[in-house]
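Structure first, commentary second.
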Amino acid sequence: FTDCLLQHGAAHVTGVDVGHGQLHPKLAQDARVTALEGINARNLDASQLIAGCARHEPAAGHFGTENNVGFELVTGDLSFISLTLVLPALAPLVRPGGHLLMLVKPQFELQPPQLGKGGIVRDASLF
């Protein structure tokens, strides 16, 4: 999503990833991108974002001030975790009137008995 957001006019993108070194070097070196690594979105809160953004000068102020905290848009492309476990942490990070856009991956939303071989969802009625 980072590259798409920048190509479509985002002034700044703050990315969160539980891993390290996942962002393409071109994006990692872009002054409009702040990469906060080693953070599980399930446990994300405003204080982590404020602290993380404060360490990256181009990001300062993009998350807002203490009285007006939040992003205009939060996007997500998560793997190996259900959105139902992450949305409670992400929703409070969206400014009033903002938007939340998440990629839904059915194989991570269903229970193991509902999945076919290799974790493939074959029955559309399950999702």
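The values are calculated or read from the model by the stated rules, or taken from the named source; none is laboratory data. Here the structure is a predicted model, which is why all the values come from computation and not from measurement. No Cβ is skipped: glycine too gets one built from the backbone with ideal geometry, and neighbour counts run over all protein chains shown.
Can you say whether residue 93 is among the aliphatic types (A, V, I, L, M) and over 21 Å from the mean Cα position of the chain (by Cα), as far as the supplied structure shows? Steps first, answer last, please.
Working: among the aliphatic types (A, V, I, L, M): yes; over 21 Å from the mean Cα position of the chain (by Cα): no.
No: the conditions fail for residue 93.
Are there any helices (runs of 4 or more DSSP H) wholly within the stretch 1-107 with 3 or more residues that are β-branched (Val, Ile, Thr), over 30 Å from residue 122 (Cβ atoms) and at pLDDT 90 or above, and if so which? Outline the logic, then answer.
Details: elements: 2-7, 25-28, 46-54, 83-90.
Where helices (runs of 4 or more DSSP H) fall fully within the stretch 1-107, none carries at least 3 residues being β-branched (Val, Ile, Thr), over 30 Å from residue 122 (Cβ atoms) and at pLDDT 90 or above.
In the stretch 1-48, which residues are of a type outside the set (A, V, I, L, M) and in contact with a Phe, Trp or Tyr (Cβ under 9 Å, 6 or more places away or on another chain)?
Taking the stretch 1-48 and keeping what is of a type outside the set (A, V, I, L, M), we get 1-4, 7-9, 12, 14-15, 17, 19-22, 24-26, 29-30, 32, 34, 37-38, 40, 42-43, 45, 47-48.
14, 15 - these are the residues of the stretch 1-48 that are of a type outside the set (A, V, I, L, M) and in contact with a Phe, Trp or Tyr (Cβ under 9 Å, 6 or more places away or on another chain).
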>> Please count how many residues of the stretch 90-122 are over 22 Å from residue 8 (Cα atoms), among the aliphatic types (A, V, I, L, M) and loosely packed, with under 15 Cβ neighbours inside 10 Å.
In response: 2
>> Being at pLDDT below 75 and of a type in the set (D, E, K, R) is the filter here; which residues of the stretch 108-123 pass it?
In response: 109
> Does the stretch 10-19 hold any residues that are touching a residue at least 24 places away in the same chain (Cβ under 8 Å) and surrounded by fewer than 15 Cβ atoms within 10 Å (Cβ to Cβ), and which are they?
Replying inline: 11
> Within the stretch 20-43, how many residues turn out to be farther than 16 Å from residue 3 by Cβ, in contact with a strand residue (DSSP E or B) (Cβ under 6 Å, 6 or more places away or on another chain) and in contact (Cβ under 8 Å) with a residue 24 or more places away in the chain?
Replying inline: 1
